[in-house]
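As structure tokens, the structure follows; a few thoughts come after it.
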Amino acid sequence: MLHFGRDEYEARRDRLIVEMGEQKLDAMILFAQDSMYWLTGYDTFGFCFFQCLVVKADGDMRLLSRSADLRQARHTSIIENITVWRDRNQAEPVIELRDMLDEMGLLGARIGVEWATHGLTAANGRSVEERLGSFGTLKDASSLIPLLRAVKSPAEIEMVREAARLADAAYEAALPLIRPGADEAEILATMQGTVLAEGGDYPANPFIIGSGRDALLCRYKSGRRKLGANDQLTLEWAGVKAQYHAALMRTVIIGTPTERHLELHAAAREALDAVEAVMQPGRTFGEVFDAHASVMEAHELARHRLSACGYSLGARYAPSWMDMPMFYAGNTEAIVPGMTLFAHMIIMDSDTETAMTLGRTYLTTSGAPEPLSRLPLELAVIGS
């Protein structure tokens, strides 16, 4: 099934062709699954093997993939021309890619390549350079489609709004379970189950859950524990609809919050307010980060904060829902209307083993950003 009308995909293709013309590219070889999905609807995790979509400047598109994804492409995408490379001992799909490029009249052409993606391993990348280096001129075009995808169409924004609704629903379903003695496994299962039960999808990376000392972690890890009478629980999760993500982040206190919890939450809330004030057209991603860092420094928390405070969100695939551009120092990418951006205030004080997080997804507008979550920003405290 297609999640969008064909006119939507045609508009995306036209935006890509214009940008290819600006960069004087005769064709692009897309290895990022996110790019293929955005451009055609092709929905698969088959990018763990060699596959790519070739797009010519005249709009002609051809997919090279394995037999396992032939029907996947036919059922989920607008791609009409599909070439299957066969699994066998010492198979060399890049040679078949070269032959396909030759059939498309691209010998000697300027070809943009998505090098910076999990859909292209280092080994396959070396093979592409070796086999195609003399076929045409290969140019790094890794950021071309991600920057196009960063600005969402009205149809995409509706998907993100639904993802945000699912994220809120997941938290509200789990909140009554958070209490002394509660098992992290039950909380996690309820959150993910709610998203799936209400029509959502699996996220591009696992939800993050950690309590006690593990509340200071910013990544998922295996292993569960039960909450104590006085505890802290960090959650980072996302609602997902048609692969579009809307992320949220919270630290919940079980029992009585410490003074440090209250201090860190106040700083996180102030930093989020500062970020919102800058997340507007005419400003840059780097300036958004600077607003966050300034508040952290004012509260003497520079060594307890991270070196980034958020990123773009959209339709993403494993291993991460993080997308370009990101909020970090010196990033000159501009904030423009129609972006869906996740801002997270993460403070991890290892000296006192105190965690505090606060984050939500926004839609940028012509003025102030619109929060897509209706959850409150006050510190959640669950009495013991």
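Summary table
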quantity	calculated
Any hit, segment 365-372, residues being touching a residue at least 24 places away in the same chain (Cβ under 8 Å), under 19 Å from Ile254 (Cα atoms) and in a loop (DSSP other than H, G, I, E, B)	no
Options Leu63, Leu25, Leu39: the member that is open to solvent by less than 70 Å² (accessible area, probe 1.4 Å), part of a helix (DSSP H, G or I) and not β-branched (Val, Ile, Thr)	Leu39
Helices (runs of 4 or more DSSP H) within segment 79-158 that include 2 or more residues farther than 30 Å from Pro369 by Cα	93-103, 122-132
Contacts under 9 angstrom Cβ, first residue in segment 256-270 being farther than 21 Å from Ala343 by Cβ and touching a residue at least 60 places away in the same chain (Cβ under 8 Å), partner open to solvent by 70 Å² or more (accessible area, probe 1.4 Å) and among the small types (Gly, Ala, Ser), 6 or more apart	Thr256/Ser384
Search result, residues across segment 338-380 that are surrounded by 19 or more Cβ atoms within 10 Å (Cβ to Cβ) and of a type in the set (Ser, Thr, Tyr)	Thr340, Thr354, Thr357, Thr361, Tyr362, Thr364, Ser373
Segment 226-255, residues that are hydrophobic (A, V, I, L, M, F, W, C) and either closer than 18 Å to Phe207 by Cβ or free of Cβ contacts under 8 Å to residues at least 60 places away in the same chain (or both)	Leu227, Leu233, Leu235, Trp237, Ala238, Val240, Ala246, Ala247, Leu248, Met249, Val252
Test: residue in segment 251-262 that is surrounded by fewer than 24 Cβ atoms within 10 Å (Cβ to Cβ), touching a Ser or Thr at 6+ places or on another chain (Cβ under 6 Å) and part of a strand (DSSP E or B)	no
Of all residues in segment 313-337 being outside any strand (DSSP E or B) and open to solvent by less than 10 Å² (accessible area, probe 1.4 Å), the one that is farthest from Ala204 (Cα to Cα)	Ile335
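The values are calculated or read from the model by the stated rules, or taken from the named source; none is laboratory data. What you are looking at is a predicted structure, and each value in this text was computed from that prediction instead of being measured. Note that each Cβ is placed from the backbone with ideal geometry, even for glycine, and that neighbours are counted across all protein chains shown. SASA here: full protein model, heavy atoms, side chains in, ligands and nucleic acids out. Shrake-Rupley method; radii C 1.70, N 1.55, O 1.52, S 1.80 Å.
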